[in-house]
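Reading through the C-alpha cells given below for one structure.
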Amino acid sequence: MKEIFTLLKDGNKPSLLAAFVNTFLGIIKGIAFFFTGNVAMFAEMMHSLGDAANQFFVYIGSALSKKAPTPQFPNGFGRLINLVCLGAVLIVGILSYETVKEGWHHFISPATESNGMFIALGVLAIGIVLELAVLHKAAKEVLHEVGIGGGGFTAIPKSIKYLKRAKPATKLVWMEDLVATSGNALAFSAILIAHFTGFYRLEGLVSMLIGLMMFYVVGRVFLDNAKGVIGETDQEMLNHIAHIVMEEPNVKDIVRLEVIKEGEFLHVELVVEADPKLSLAYLDDVRDYLTHLILSQKGVTEVVILFDEDDGHLNWQHVDEKPE
C-alpha cells in the first residue's frame, strides 16, 4: 500500500487536476439540468462526468505505469497507461452515444421555451473558464515534456505542433479539455440563440455535435493507445539514436535497432558491428559508453547492446534527422 501511495505522487498532474475540475463541473451542470431541463446542459453534464472518470483512471494508470520491473514483468509496467486509456475511452464512448441520442430526441421534439436561461449560462461560463485553465495547464505540460520553453498565453496554440510527442496521459487531457472548452462555448451560444430566435431545435443539434466531438476523441485516443499496447516504434528517436551511434568510431555498422514505446518510456535494443580484432574488455567499455549516451536521451529507460563481427559492408542507411 505504501508503494502505491508513493507511485501516486508521480502520477500525471494535469489529469488529476482535470478530474477534479470535471467532477465539480459535472455536479453543477447536473444541478442546472435538473432545474432547467436544458438538453445542451445535459450534454455538457455527460461530457464533464465522462471526462472526470476518464481522467481519474488515467491519473492512476500513469502512476502505476512507473512501477519498477519485477522478475515476473521484466519489461516493466509502462504499457499499463495505454491499457488504462483504452478502458477509459469506453466510458466516454457510452456517454457520447447517450449525448447524441438525447440531442436527437430534443431535435425531433424540441422544447417550446428555455427555462432557467441565466442559470445555464452562468454554469457554462464557469465551465469555459475552468476548462480553459486546465487546457492551458495541459498545454504547458506538453511543452515541458518535449523540452520546449514558453508557457504564457501562447502555450495552447504552440503545443499543437508538439502534441504527437507528448505522453499518452497528457495528450488525452489536452484533447478532452479542448473538446470540453469548445463544447461549453457551443452550448452557451446555442442557449442564447435559441432564447432570442425561438429555434429550440438548435440545442438538440449542439448536443449531437458535442457527442460527435466526444466520439472523435474516443477514436483518436483508442488508435494512439492501441499502438502503444501492441508496441509502437518511436521513429524520430530511432533516427536520432542511429545518428549518435554511427558517430562512435568503433561502430562499423548497425545490424538492428529498435526503439519501442513502453507507455511514457522508451526501450532500446541495439546490435552493432565492430572490428573483430578488438578485445572483449575494450568492447565492454564501448558498450558502457554507448549505454550511458543512449540513456541520457529523453525518455529512454532501458538499453540492450550486442556486438557482431564486422562483415565489411555498410548496410545501415545513415539518417541525419534529430528530434527538435
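Please report, in cubic angstrom per residue, the volume enclosed by the convex hull of the alpha-carbon atoms of the range 222-324.
Residue-normalised Cα hull volume stands at 103 Å³.
Using 23 Å as the Cα-Cα cut-off, could you pick out the over-long pairs in 9/171; 171/227; 9/29; 167/252; 101/161?
9/29; 167/252; 101/161
Between the alpha-carbon centers of the range 128-193 and the range 236-280, tell me the distance in whole angstrom.
Rounded to whole Å, the Cα centres lie 36 Å apart.
Once you mark the trypsin sites (Lys or Arg not before Pro) that are in a DSSP loop and have at most 15 other Cβ atoms within 10 Å, what is the longest gap between them in the chain?
Looking at the chain, 10-160 is the longest stretch - no exposed trypsin sites (Lys or Arg not before Pro) with at most 15 other Cβ atoms within 10 Å.
With r defined as the distance between the Cβ atoms of residue 233 and residue 31 and R0 fixed at 51 Å, what FRET efficiency is calculated, to the nearest 0.05?
0.60
Would you calculate the volume per residue, in Å³, of the smallest convex hull containing every Cα atom of the range 247-293?
In the range 247-293, the Cα hull volume divided by residue count equals 80 Å³.
Rounded to whole Å and sorted largest first, list the principal axis extents of the Cα atoms in the chain.
88, 43, 34
Semi-axes of the equivalent ellipsoid of the range 177-219: what are they in whole Å, largest first, if each equals the square root of 5 times a C-alpha gyration tensor eigenvalue?
Rounded to whole Å, the semi-axes are 22, 11, 4.
So if I place +1 on the C-beta of Lys and Arg and -1 on the C-beta of Asp and Glu, and nothing else carries charge, what would the dipole magnitude of the range 115-254 be about its Cα centre? I want it in debye, nearest 20.
Value, rounded to 20: 340 debye.
Could you work out the equivalent-ellipsoid semi-axes for the range 22-75, taking the square root of 5 times each eigenvalue of the Cα gyration tensor, largest first, in whole Å?
38, 8, 5
Sum -39500 (n - 2.57) across every DSSP H segment of at least 4 residues in the chain, then divide by the residue count to get the 222 nm mean residue ellipticity, nearest 500.
Value at 222 nm, helices only: -22500 deg cm²/dmol.
Relative to the longest principal Cα axis of the chain, at what angle does helix 168-197 sit, 0 to 90 degrees, rounded to 10?
Compared with the principal axis, the helix lies near 20 degrees.
Just want to confirm a number: the relative contact order over the chain, from Cα pairs under 8 angstrom separated by 6+ residues, in percent.
About 19 percent, as a whole number.
Every number in this text was worked out from the coordinates using simple rules, so none of it is lab data. The model shown is predicted, which means the values in this text are computed figures rather than measured ones. Here Cβ is always computed from backbone atoms with ideal geometry, including for glycine, and neighbour counts include all displayed protein chains.
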